[in-house]
Amino acid sequence: MSRASGSSLADSDHIIAELRRQLDERTAERDEALVRLTATAELLGVINASPGDIAPVFDAMLDKAIRLCDARMGVLWSYADDRLTPRAVRGASTAYAAFLDKGEFSPEPPRHDDILQIADLQNSEPYRQGYPSV
């Protein structure tokens with residue numbers, strides 16, 4: 001085998017490996033988009049089936065978020081007039097659920113408008129310090 005043909009084979013192997021990597025990347029992106037679209041379609045179905053009753057929509061939103069985030073527990077809050085209100089709860093301890101049943105809470109002023117996901121709430125500093133609405 002000549003040096004040129006060996007180099008050509010190495011180039012081909014490199015191109016094939018790169019194309020496989022790109023295909024795997026696109027496949028993962030497609031699969032993630034499909035999960036999001038399916039969740040959105042399911043949520044729209046709930047909205048359509050419950051005109052005038054927002055509680056099932058909050059429940060469905062939280063269920064989808066928990067599934068998408070692979071979480072064991074979640075709370076969906078609404079924020080209006082400087083008050084937080086828990087609208088849906090899943091997987092909370094009995095004590096935390098009882099605390100949330102008290103109703104509305106006045107949080108610290110928001111620092112930004114981003115959505116926050118805490119990967120492990122029990123390891124967060126506010127939780128360890130006993131801040132109850134975290």
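For this structure, a couple of remarks:
- One decimal place: the segment Glu32-Ser93 gains 18.9 nm when fully extended, by the rule 0.36 nm per residue minus the C-alpha distance.
- Trypsin sites (Lys or Arg not before Pro) within region 1-109, DSSP loop, no more than 14 other Cβ atoms inside 10 Å: Arg72, Lys102
- Heavy-atom accessible area, probed at 1.4 angstrom with all protein chains present, ranks Asp31, Asp82 as Asp82, Asp31, highest first.
- Sites Met73 and Asn48, calculated FRET efficiency, Cβ-Cβ separation with R0 25 Å, nearest 0.05: 0.35
- Reduced Cα scattering model of region 1-83, Debye log10 I(q)/I(0), q = 0.11, 0.13, 0.23 Å⁻¹: -0.54, -0.63, -1.09
- Rounded FRET efficiency, nearest 0.05, which uses the C-beta distance separating Arg20 from Phe105 and R0 of 41 Å: 0.20
- Nearest-0.05 FRET efficiency for Asp13 and Asn123, computed from C-beta distance (R0 41 Å): 0.40
- Accessible surface, region 18-112, averaged per residue in Å² (probe 1.4 Å): 73
The values are calculated or read from the model by the stated rules, or taken from the named source; none is laboratory data. If you're wondering where the values come from, they're calculated on a predicted model, not measured in any experiment. A quick note on method: Cβ atoms are made from the backbone with ideal geometry, for glycine too, and the neighbour counts reach across all protein chains shown. Areas reflect the complete protein model, heavy atoms only, side chains present, ligands, DNA and RNA absent. Shrake-Rupley method; radii C 1.70, N 1.55, O 1.52, S 1.80 Å.
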